[in-house]
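Enquirer: Pasting a structure here, questions to come.
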Amino acid sequence: MSARVVVIGGGLAGITAAIALAESGADVTLLEARPRLGGATCSFNRDGLIVDTGQHVFLGCCSAYRGLLAKLGMTEHAPVQDRFDVTVLAPGGSAPRRARLRRTALPGPLHMLPALGRYPFLSWAERAQVSRPALAMRRVDPAAPAADTQRFGDWLAARGQSERARRALWDLFSVSALNIAGDDASLALAATVVKTGLLGKNNAADIGVPALPLGELHGDAAATLLAKLGAQVCLGAKVTAIEGGAIDSAIEGGGRFRVRLARDADLAADAVVLAVPHAKAAPLVPAGALPAATVQGWAGLGASPIVNVHVIYDRPVTDLPFAAAIDSPVQWVFDRTRISGMTAANHGGPGQYLAISLSAADEYADVPAARLREQFVPALAELFPAARDARVTEFFVTRERRATFRQTPGSGALRPKAATGRPGLVLAGAWTDTGWPDTMEGAVRSGLAAAVELRKTVLTSTMGVRQ
Ligand SMILES: Cc1cc2nc3c(=O)[nH]c(=O)nc-3n(C[C@H](O)[C@H](O)[C@H](O)COP(=O)(O)OP(=O)(O)OC[C@H]3O[C@@H](n4cnc5c(N)ncnc54)[C@H](O)[C@@H]3O)c2cc1C
């Protein structure tokens, strides 16, 4: 008989665990509270326009996430740049200033040096200092507790990075990767990003941008694959409790665990993967499965918001697929015209749909859309002169108040491993101890770690599970 595994949470962590366990021969049921799979990576339909609630990108080095895309048959729909290539814009009156950070074919970290050496938004003296922290990063061990206690900004400042260099260069990448104001980020997590992306292979930081709405790329594709693998997916299935799992406990109906649902009948399971956000996981962990201090410690991970500002023009205003900005409230801006399915027929003209992605967006999370419009429409016009003559036909805002945990110093110590004190109950989620920031790559890694933990413990001995 196959092992019965219940996976709770249908984000990328739960999807990955469910696929891996179903492939191993387990009898998998995936329970997701919402009416769709995909978790934080989701899309909705707005008058025929397919909108992602938050623009997502990934890097060439995101091997686990790219492995999931391959399994879902989605690799070609999430293309990665041939070479890292980012246009950085800054307001400049009638002619906005513009820089291009493009890597060469040299091995890392030499691949970035020519572009950084020419970067016009820093002085000559500041440019000369940039390689100092990049090279010093070689000696930072992201897994060392000492790295988890330091602020990235302090560490950069101690290595000659001026306020200007931190804002106009390092923030470009650290704020979006770690969703926290650059100076405040945990050095350990920044080190993971810099070491992998900048000091690793020369293609590690090449940027991947989904070419399909996230709902299709992840949620729909996962539902199709899981059905093929024989896994059962239950949507609108909110779990209210997990019981059992103690060594001597016996569950009526067999299995080691009982999973209670808000609306449906309870499920018996031999193993459970709990793959929900940290605040939701804490009350679901059965008493005694982990020390109370560990579970209470998760609360300290907190939450950090991401806001997306969506602006639709009556005409094209830029031919850039995406760009970063400095000296502007705009952080990153993406052309979503094609991905959203916007056409002349459904939006009345050859318009353009831009989405501004604002990370570490505490100051914007509660600001009314009308006020954001007053700020961001002129800000875009300063970066894209063609926008000055264009008419804004639609403007709306999406807000993810708990987009990621707060990736500040000390957060590493609060992230738990997959295993709990109850054999057969494992944790997953981008917030668990993956060594990676709260990202799609971290979520997929956590799902794989959960599946490996179950395979090497409870699923090997009694059940029909392939190794
Ligand atoms: C706006 C935004 C932009 C982002 N940008 C990027 C980016 O550019 N690149 C990147 O790599 N990452 C980005 N991220 C982060 C990335 O989306 C997350 O790290 C990742 O998707 C988290 O996956 P997860 O499976 O761990 O959690 P989630 O996606 O949160 O999934 C958890 C699931 O559990 C379900 N659930 C909760 N409680 C229950 C319950 N009681 N019963 C059943 N189900 C339950 C939830 O409904 C949810 O579907 C972004 C996130 C946001 C919000």
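Enquirer: Quick one: SER131, SER186, SER94, fewest Cβ neighbours within 10 Å first, how do they rank?
Expert: SER94, SER131, SER186
Enquirer: Could you put CYS61, CYS234 in order, starting from the residue whose Cβ has the fewest other Cβ atoms within 10 Å?
Expert: CYS234, CYS61
Enquirer: Then there is this: To test your reading of the geometry: what angle, between 0 and 90 degrees and rounded to tens, separates the Cα axis of helix 440-456 from the longest principal axis of the chain?
Expert: That helix lies at roughly 20 degrees to the long axis.
Enquirer: Which is farthest toward the positive dipole end of the chain among THR408, ASN45, ALA281, measuring Cα position about the Cα centre, with Cβ charges +1 (Lys, Arg) and -1 (Asp, Glu)?
Expert: THR408
Enquirer: Let me ask another. With the dipole of the chain worked out from charges on the C-beta (+1 for Lys and Arg, -1 for Asp and Glu) around the Cα centre, which of VAL452, SER131, THR224 lies farthest toward the positive end?
Expert: The one lying farthest along the dipole's positive direction is SER131.
Enquirer: Can you give the angle from 0 to 90° between the axis of helix 369-383 and the longest principal axis of the chain, with both taken from C-alpha atoms, to the nearest 10?
Expert: It works out to around 50 degrees.
Enquirer: On to the next question. Enumerate the residues in region 19-56 having an amide nitrogen under 14 Å from the point lying 7 Å beyond the Cα of LYS238 toward its Cβ.
Expert: Backbone N within reach: 32-36.
Enquirer: Let me ask something else about it. Just from its helices, what would the mean residue ellipticity at 222 nm be for the chain, if runs of 4 or more DSSP H residues each count -39500 (n - 2.57) and the sum is divided by every residue, rounded to the nearest 500 deg cm²/dmol?
Expert: Computed ellipticity for the chain at 222 nm equals -7500 deg cm²/dmol.
Enquirer: Once you charge only the Cβ atoms, +1 for Lys and Arg and -1 for Asp and Glu, what is the size of the charge dipole of region 1-129 about its Cα centre, to the nearest 20 debye?
Expert: Value, rounded to 20: 560 debye.
Enquirer: Now for a separate question. Quick one: dipole size for the chain, taken about the Cα centre, charges +1 on Lys/Arg Cβ and -1 on Asp/Glu Cβ, in debye to the nearest 20.
Expert: That gives a dipole near 780 debye.
Enquirer: Looking at region 219-300, which trypsin sites (Lys or Arg not before Pro) are in a loop (DSSP not H, G, I, E or B) and have at most 12 other Cβ atoms within 10 Å?
Expert: ARG263
Enquirer: Let me ask another. Residue-wise, which Karplus ³J(HN,Hα) couplings in Hz belong to region 119-124, taking 6.51 cos²θ - 1.76 cosθ + 1.60, θ = phi - 60°, and x for glycine or proline?
Expert: Once θ is set to phi - 60°, the couplings for region 119-124 become 4, x, 8, 10, 6, 4 Hz.
Enquirer: With unit charges on the beta carbon (Lys/Arg positive, Asp/Glu negative), name the residue among ILE326, GLY351, ALA13 whose Cα is farthest towards the positive pole of the charge dipole of the chain.
Expert: Value: ILE326.
Enquirer: How big is the charge dipole of region 153-192 about its Cα centre, in debye rounded to the nearest 20, if each Lys and Arg gets +1 on its Cβ and each Asp and Glu gets -1 on its Cβ?
Expert: Using only the charged Cβ atoms, the result is roughly 140 debye.
Any read-out appearing in this document is the output of simple, stated calculations on the displayed coordinates, not a laboratory observation. All values reported here derive from a predicted model rather than from experimental measurement. Because the Cβ atoms are built from the backbone with ideal geometry, glycine has one as well, and the counts that use them run over all protein chains shown.
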